[in-house]
Amino acid sequence: MKVLIVEDEHKIANSIKKGLELENYVTDTAYNGRDGLDLASSGDYDVIVLDLMLPVLDGMEVCRQLRLGGIHTPILMLTARSQVLDKVKGLNAGADDYLAKPFAFEELLARVKALNRRPQKLNGKVLKVGEIALNTQSQVVTKSGKEIDLSVKEFGLLEYFLRHPNQVVSKDRLISAVWNYDTNILPNTVEVFIGSLRKKIGKDFIKTVRGFGYKLNHVSSS
């Protein structure tokens, strides 16, 4: 799981970064809104931890521009403000959750995990590759217009690949995203589910990159 931390208070940012990395998360840090927006615009993150009061560009504007730009990465907004109006403004700008300072790291971690597990608020956005279409709201997957019956984990894997179409994804990253680092999950479990998913959607849709993981293959399957 990869998290972007956008926080101008270096002590807080570094504390969050250290805590998340101890939980085996990959993290990047930005200390102003402009740098945060540039990094977040890549879409290469599973969750964004975004402070409201930032130099150069405030968190509200960062959030607004990301949503306008089609970036739907879950956002946890941080702020010293605790008034209801500020929470409403943040959520209306596109934030998914809100945490007022000061906070316990354990609560932030729990919220980050919850955001990563929760389907993103895309109002039924359909993710597509080739003949495959996945509706994030109805959780229906179709191939050439015909519905495909997927298990919860197969659906989670397919959705993750569709959200990261140009990336090679490791087994550990898939375990983090789909199984949330369940201690009973082994790397060969991922292979089993990938094999099952390929049988249902077509073997050519997911490419094995030996030594690194898997990548979504942008081809049509016959």
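The values are calculated or read from the model by the stated rules, or taken from the named source; none is laboratory data. None of these values were measured; they are calculated from a predicted model. FYI the Cβ positions are ideal-geometry reconstructions off the backbone, even for glycines, and counts take in every protein chain you see.
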Among the candidates 75, 132, residue that is within 18 Å of residue 157 (Cα to Cα), among the aliphatic types (A, V, I, L, M), surrounded by 21 or more Cβ atoms within 10 Å (Cβ to Cβ) and at pLDDT 85 or above: 132
Positions within segment 37-78 being polar (S, T, N, Q) and closer than 20 Å to residue 116 by Cα, in sequence order: 41, 42, 73
Test for residue 118: is it closer than 24 Å to residue 22 by Cβ, charged (D, E, K, R), within 16 Å of the chain's Cα centre (by Cα) and modelled with pLDDT under 75: yes
Pair list, Cβ < 9 Å and 6+ apart or interchain, from segment 68-81 residues that are more than 19 Å from residue 136 (Cα to Cα) to residues that are in a loop (DSSP other than H, G, I, E, B) and acidic (Asp, Glu): 76/96; 77/96; 78/7
Considering residues of segment 2-36 that are out of contact with any Pro (no Cβ under 6 Å at 6 or more places or on another chain) and polar (S, T, N, Q) only, the residue nearest to residue 113 (Cα to Cα): 24
Evaluation of residue 61 against (1) free of Cβ contacts under 8 Å to residues at least 60 places away in the same chain; (2) within 14 Å of the chain's Cα centre (by Cα) (one fails), failing number: (2)
Matching residues in segment 34-59 - criterion: being among the small types (Gly, Ala, Ser) and modelled with pLDDT of 95 or more: 36
Residue list for segment 135-154, restricted to those being closer than 26 Å to residue 175 by Cβ, loosely packed, with under 12 Cβ neighbours inside 10 Å and acidic (Asp, Glu): 149
Selection count where residues are modelled with pLDDT of 90 or more and surrounded by 14 or more Cβ atoms within 10 Å (Cβ to Cβ), scope segment 100-110: 3
Residues within segment 36-49 that are buried (at least 18 other Cβ atoms within 10 Å of the Cβ) and more than 14 Å from the chain's Cα centre (by Cα), tallied: 2
